[in-house]
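All remarks here apply to the structure that follows.
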Amino acid sequence: MKILAFAVRDDEKLAFEKFKNELNLNIDLEKQSLNYDTVHLAEGYDAVTFLGNCDVDSRVLKVLALFKIKFIASRSTGYNNIDLNSAKKLNIKVSNSTYSPYSVAEFTVMMAFNLLRKIPETFSNVSEYNFSLKSLIGKEIRNSTIGIVGAGKIGKIVAQHFKALGATVHVYDLYQTDETLHYVSLNEIFEKSDIISLHSPLTLENRHLINESTLKKMKDGVIIINTARGELIDTSVLLKFLNNGKIGALALDTIEGEVGILHRDCSHSNFNHDILKELISHKNVSITSHQAFYTEEAVSDMVESALTNLDSFYKTGDANNNLI
C-alpha cells in the first residue's frame, strides 16, 4: 500500500519514520494541507492521511475516489472537517485517531487553576511593573462546582482530576456509561457550575451549544474552558457576556473559524479578526494555539493510530477507529 501523508509537521516526522518501519509501509510526506487545491498530489496513492485542519469536503472526496483511493485516515480526533456522508456514498473508508487523553485533561486543569487564581491578569500587570494585589484575589478549586460537557476518554479523566482535587463534579453526556461519575442534565450543568469545561465532539446538534440563551442560565462570573471544538461556542456573543460580568473568565484553546489562524504565525500579517483581537485584550481571557493535545506522547499516538488504521483497512477492510 502506498500512502501520502498531508500536512506533516516537523514534530511528526520521527513518529512517521518509526511506525513506517514497524508496519512496513510505503509513505511519502507532504507539508501542504489536503484541500481541493492540493488533492491532485494524491494521484497514484492507495490511501491518504491528514490533520484536522485539512478540508476534506465532497469535492476533495470525489477526486480521491477518481484516483481509486479507498482509505483515508485523520491524525486528529475530531472529524467535522470530513464530509462523512459523501465518503460513505463514494465507498471510502474513514478513520480518526486516538491519543493520550491526559494531554488535554492536564491542560484543562491547568487552565482552571490559571483562571481561578487570575494568572493571566497577574502576568499582564507584571509586564507593566504593577505588582499590587488589587483585584487578584482567587478561589480554591476544592470549593468549586465543575460542570463537564462530554464524558468520553478526555472528559472522564478531567472529571477524575477535579474530583481528586476535592471539587464537586457534575457531568453531562448522552451516554451514561461510568458509574463513578455524577451525571446531570445539561441545564443543571449551566445553572450550577462555577467552571464549565467542554469536551464534546462537534455535531450538527451541538453547534453553538454555548450561546446567548444558555449563557443567561449560567451563574454570574462563570468560568468557561473550551479545549474541544471552537464551534461549540457562538463567539459573536462572548464579548457581551464578558463585558457585563456574566462570564468571569474564559479559556479558549480552540475558536470558531480558526482554520488559517491557529497553528500559524500571524504576527507579520495583517491580522483582521476583530472579535479575537478584542478577546485577547481582556485580562480575564486566555487564548492558546489549539495546543492542549500537543505533547510528545500525543503526537506519536496520533501518527501511530492513523497508520495502524490504514494498515488494518488495507488488510481486513476494517479498523479500530473507523468512522464509516
Heavy-atom accessible area per residue of the range 93-191, all protein chains kept, 1.4 Å probe, expressed in Å², is 54
Cα gyration tensor category, rounded, prolate or oblate, for the chain with a/c compared to 1.5: prolate
How much mean residue ellipticity at 222 nm does the chain get from its helices, if each DSSP H run of length 4 or more adds -39500 (n - 2.57) and you divide by all residues, to the nearest 500 deg cm²/dmol? -10000 deg cm²/dmol
Quick check: at a probe of 1.4 Å, how many percent of the accessible area of the chain sits on carbon and sulfur atoms? 49
For the peptides 119-129, 232-242, what is the packing order when you average, over each peptide's residues, the other Cβ atoms within 10 Å and list the highest mean first? 232-242, 119-129
Where the centroid of each part is defined by its Cα atoms, how far is the range 100-174 from the range 212-237 in Å? 15
Rolling a 1.4 Å sphere over the protein heavy atoms, what is the accessible area per residue of the range 42-86, to the nearest Å²? 40
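For the range 160-227, would you read off the P(r) tail past 19 Å as a percentage of all alpha carbon pairs? Before the final figure, lay out each step's value.
Values: 764 of 2278 pairs.
Here the long-distance tail beyond 19 Å is 34 percent of all Cα pairs in the range 160-227.
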Counting Lys and Arg as +1 and Asp and Glu as -1 over every other residue whose Cβ sits under 11 Å from the Cβ of Lys20, the net charge comes to -3
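Taking the alpha carbon gyration tensor of the range 193-324, what are the square roots of 5 times its eigenvalues, largest first, to the nearest whole Å?
Details: eigenvalues 212, 72, 34 Å².
Values for the range 193-324, descending: 33, 19, 13 Å.
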Per residue accessible area of the range 242-316, 1.4 Å probe, in Å²: 51
Sorted by accessible area with a 1.4 angstrom probe, largest first, how do Phe271, Phe50 fall? Phe271, Phe50
Applying the Karplus parametrisation 6.51 cos²θ - 1.76 cosθ + 1.60 with θ = phi - 60° to the phi angles of the range 83-92, what ³J(HN,Hα) value in whole Hz is obtained for each residue in order, glycine and proline being reported as x? 7, 5, 5, 5, 4, 5, 5, 8, 6, 9
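Net charge around Leu310, counting only other residues with Cβ within less than 10 Å of its Cβ (Lys, Arg = +1; Asp, Glu = -1)?
On the way: positive: Lys93, Lys315; negative: Asp46, Asp311.
My count for the surroundings of Leu310 gives 0.
Of Lys2/Lys156; Lys163/Lys246; Lys93/Lys277, which sit over 32 Å apart, Cα to Cα? It would help to have the intermediate numbers written out before the result.
Values: Lys2/Lys156 37 Å; Lys163/Lys246 25 Å; Lys93/Lys277 40 Å.
Too far apart for the 32 Å limit: Lys2/Lys156; Lys93/Lys277.
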Among the aspartates and glutamates, select those whose C-alpha is under 14 Å from the C-alpha of Lys153, and discard any that sit fewer than 8 residues away in the same chain. Glu106, Asp173, Asp178
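Under a Cβ-Cβ cut-off of 12 Å, what is the net charge of the residues other than Ser135 that fall near it, where Lys and Arg count +1 and Asp and Glu count -1?
On the way: positive: Lys118, Lys134, Lys283; negative: Glu121.
That sum, taken over residues with Cβ under 12 Å, equals +2.
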Cα point-scatterer Debye curve for the range 1-150, base-10 log of I(q)/I(0) at q = 0.11, 0.15, 0.18 Å⁻¹: -0.61, -0.81, -1.00
In sequence order, what are the phi-derived ³J(HN,Hα) couplings for the range 235-251 according to the Karplus relation 6.51 cos²θ - 1.76 cosθ + 1.60 with θ = phi - 60°, rounded to whole Hz, with x for glycine and proline? 4, 5, 9, 4, 4, 4, 7, 6, 5, 8, x, 4, 8, x, 7, 8, 10
Derived scalar couplings ³J(HN,Hα) [the range 190-199; Karplus, 6.51 cos²θ - 1.76 cosθ + 1.60; whole Hz; x for Gly, Pro]: 5, 7, 10, 8, 7, 10, 10, 10, 9, 9
Computed from every Cα-Cα pair in the range 120-260, P(r) in 10 Å bins starting at 0 and rounded to whole percents is 11, 40, 34, 13, 2, 0
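The values are calculated or read from the model by the stated rules, or taken from the named source; none is laboratory data. For clarity, every value in this text was computed on a predicted model and none was experimentally measured. Neighbour counts are summed over all protein chains in view; Cβ atoms, including those assigned to glycine, are modelled from backbone coordinates with ideal geometry. Accessible surface is based on the protein model in full, side chains and every heavy atom, while ligands, DNA and RNA are left aside. Shrake-Rupley method; radii C 1.70, N 1.55, O 1.52, S 1.80 Å.
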